[in-house]
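Rule-based calculations on the coordinates, nothing more; no lab input. What you see is a predicted model; the values in this text were computed from it and never measured. Cβ coordinates were reconstructed from backbone atoms using ideal geometry, including for glycine residues, and neighbour counts include every protein chain displayed.
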Amino acid sequence: MNLPNRLTVGRLFLTALFVLCFYLPWGHAMTAALLIFSLASITDWLDGRIARARNLVTHFGKLFDPLADKVLIAAAFILLVENTKMKAWIAIAILGREFFVTGIRLIAAQQGVVLAAERLGKHKMFWQILTVLYFLLEAASREWLFSFLRPWYESTALQTRVGFALVAVTTFLTLLSGLTYFWRNRRLFDDA
């Protein structure tokens, strides 16, 4: 297994650790969750960059890199709904898009086609990560290491607007990228 694929698999393990942090009865659990999520997000950027630079792009990577991303993002948004002010409909919209795109990839695989991630999907992932980091920082600001951010998150007017803007952009790009992905691959449904 090449380095980019090991990073992809590592992201799945980091996701499990990230989830575990939410359930640990420890005073620094949210800080740990934030740091682990950040590391997992960096592996998403690194694996693709290394694969392209060293010409190590594989079918495994094309399939499992987006899958590992989906698992990480799904876990993050579900946990944010449970532990922050994030609304459930946001997580449902994001998860719905991810399942929809996975379905398209499954149909493509049955037809012998491997669909790689698209540019808009990468922008969507960036905004999803940014949104998760914003809300994780809010939770971590109640703990020692990030307590200097607590005044920012307690100034509700500005903080609420920033949070709303992040969620709005993320949700819009998530839905747009799903519809665009379907449109570009509509030929897969010719026999439907």
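Remarks
- Ala116 surrounded by fewer than 15 Cβ atoms within 10 Å (Cβ to Cβ) and not in a helix (DSSP H, G or I): yes
- Residue list for segment 19-47, filter: free of Cβ contacts under 8 Å to residues at least 60 places away in the same chain and either aromatic (Phe, Trp, Tyr) or closer than 18 Å to Lys122 by Cβ (or both): Tyr23, Trp26, Ala40, Ile42, Thr43, Trp45, Leu46, Asp47
- Segment 90-139: number of residues that are under 16 Å from Lys62 (Cβ atoms) and not acidic (Asp, Glu): 20
- Answer residue from segment 93-113, given it is of a type in the set (Val, Ile, Thr) and part of a helix (DSSP H, G or I) and is surrounded by the fewest Cβ atoms within 10 Å (Cβ to Cβ) among those: Thr102
- Screening Phe172 on (1) aromatic (Phe, Trp, Tyr); (2) within 24 Å of Ile42 (Cα to Cα); (3) touching a residue at least 12 places away in the same chain (Cβ under 8 Å) shows it passes everything except condition (3).
- Single match in Arg186, Arg142 (criterion: farther than 26 Å from Cys21 by Cα, more than 22 Å from the chain's Cα centre (by Cα) and among the charged types (D, E, K, R)): Arg186
- Looking only at segment 125-182, and only at residues there that are assigned to a helix (DSSP H, G or I) and of a type in the set (D, E, K, R), the one that is surrounded by the most Cβ atoms within 10 Å (Cβ to Cβ): Glu138
- Checked against (1) more than 28 Å from Trp45 (Cβ to Cβ); (2) in contact with a Leu (Cβ under 9 Å, 6 or more places away or on another chain), Ala140 passes all but condition (1).
- Residue identified as farther than 21 Å from Leu79 by Cβ and assigned to a loop (DSSP other than H, G, I, E, B) among Val9, Val57: Val57
- Among the residues of segment 11-25, those identified as within 15 Å of the chain's Cα centre (by Cα) and not hydrophobic (A, V, I, L, M, F, W, C) are Arg11, Thr15.
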